[in-house]
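The structure appears below as structure tokens.
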Amino acid sequence: MQEVKEILLRLCDEPGTSGDEAAATKIAKSMLAKDADVRRDVLGSVVASMGPEDAPFHFLIDAHIDQIGLVVTQVDAHGFLNVAPCGGVDARVLPGSRVTVYGKEPISGIVCCTPPHLSGGKESEVPKVDAIHIDTGLSAEQAKAWIAPGDRITIPAPCRELLGTRITGTALDNRAGCAVLIRCVQLLRREPLPIRLTILLSSREETGGGGAIAASYTAAPDASIAVDVSFAAQPGVPETCTSTLGAGPMIGFSAALDKVMSRELVEVARSQEIPYQIEAMGETTGTNADAIGVSRGGVRCGLLSIPQRNMHTPAEIIDLQDLENTAKLLAAYIRKKCQEVR
């Protein structure tokens with residue numbers, strides 16, 4: 001698991017809010033370039049390729065590389081920043097949080113928080129994201145010289161190891177999925193591939209999925225598997241929609257997914273003695289699998305999800321065992337497709 005841990009920590013060290021993923025994609029490109037042909041497409045997604053271009057079967061694996069954050073909408077007359085959400089930020093964790101504003105240079109800031117003594121008994125009420133302010137300590141004149149509307153903001157929380165094989169930090173949704181894809185490529189690096197394999201680290205998932213929509217249309221694969229995170233069991237979360245942290249990847253079953261592929265993933269996991277869990281969804285999945293599945297004339301699509309706690313907060317938690325086992329299952333499934341082609 002050391003390999004996937006090192007990949008994950010390097011990816012999470014770099015910022016990459018939706019539509020501004022350049023720092024994160026630079027690191028990802030450097031890691032994939034050792035084993036595949038890599039480029040960055042028009043929308044900022046990393047697209048890597050392995051295997052012959054004229055192969056009879058084209059398989060795409062996807063994980064989104066962007067993270068949630070904020071965007072500056074205005075610098076007010078007192079130097080405070082007004083903001084808007086860039087993705088599904090959890091407003092409950094924002095008051096009092098430290099942030100980094102990516103202006104002309106990275107600038108530290110604090111989300112303003114009304115003291116409980118002055119809240120009039122409303123300290124439990126959470127303001128909407130577009131109602132909060134950020135204090136950088138700069139005057140209005142200084143702030144406007146260094147920060148402009150459109151600049152991105154992240155809530156930095158460097159990854160830290162918890163007990164055992166668990167990691168906490170920010171951007172684990174979905175750098176964890178990206179780490180799985182890069183680790184999968186490592187597992188396949190010495191094997192000749194009779195199929196065309198496209199590795200997509202897609203942009204803009206948190207703000208509509210534009211990266212996967214564009215890249216999957218261009219790639220025109222025959223089949224695809226998306227890798228993302230999903231809900232792990234924790235206090236206050238219904239058991240019916242969660243899985244167990246550390247118990248293996250979640251294999252998706254949904255109306256938006258190809259049922260045969262989902263069953264094949266289960267069969268491969270069993271045959272390789274890879275622990276797995278089932279995630280059943282009645283409609284769409286809320287991942288890039290929804291968009292990839294309807295690209296062009298349609299793409300057979302499966303979904304593997306990594307259990308995660310505290311999603312969309314700076315304190316997300318994953319288990320490295322789940323990442324390694326997801327990578328092993330994905331690699332084993334690709335080998336199965338290679339055998340079918342041979």
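Structure values in brief
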{"quantity": "Where only alpha carbons of the range 98-229 are counted, the Rg and the Dmax (Å)", "calculated": "21.1, 68"}
{"quantity": "Fully extended contour minus Cα-Cα distance, from R296 to N82, at 0.36 nm per residue", "calculated": "73.1 nm"}
{"quantity": "Net lengthening on full extension, V341/T284 (0.36 nm per residue, minus Cα-Cα)", "calculated": "17.5 nm"}
{"quantity": "Prolate/oblate/rounded call for the range 204-342, Cα gyration tensor, a/c under 1.5 rounded", "calculated": "oblate"}
{"quantity": "Potential lengthening between T240 and T73 on full extension [0.36 nm per residue; Cα-Cα distance subtracted]", "calculated": "56.2 nm"}
{"quantity": "Cβ-based net charge around A233, under 10 Å, with every Lys or Arg adding one and every Asp or Glu removing one", "calculated": "0"}
{"quantity": "Alpha-carbon centroids, the range 308-337 and the range 63-79: separation in whole Å", "calculated": "28 Å"}
{"quantity": "Loop sites in the range 77-156: trypsin sites (Lys or Arg not before Pro), DSSP, at most 12 other Cβ within 10 Å", "calculated": "K104, K122, K128"}
{"quantity": "Between helix 22-32 and the chain: long-axis angle, C-alpha atoms, 0 to 90°, nearest 10", "calculated": "30 degrees"}
{"quantity": "Cross-link table K26/K104; K104/K128; K34/K328, entries beyond 21 Å C-alpha to C-alpha", "calculated": "K104/K128"}
{"quantity": "Between helix 320-341 and the chain: long-axis angle, C-alpha atoms, 0 to 90°, nearest 10", "calculated": "40 degrees"}
{"quantity": "Where Y333, Y276, Y217 fall by accessible area, highest first, once all protein chains stay in place (1.4 Å)", "calculated": "Y217, Y276, Y333"}
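The values are calculated or read from the model by the stated rules, or taken from the named source; none is laboratory data. Source: prediction; values computed, not measured. We place every Cβ from the backbone using ideal geometry, glycine too, and count neighbours over all the protein chains shown. All accessible areas refer to the heavy atoms of the entire protein, side chains included, with ligands and DNA or RNA removed. Shrake-Rupley method; radii C 1.70, N 1.55, O 1.52, S 1.80 Å.
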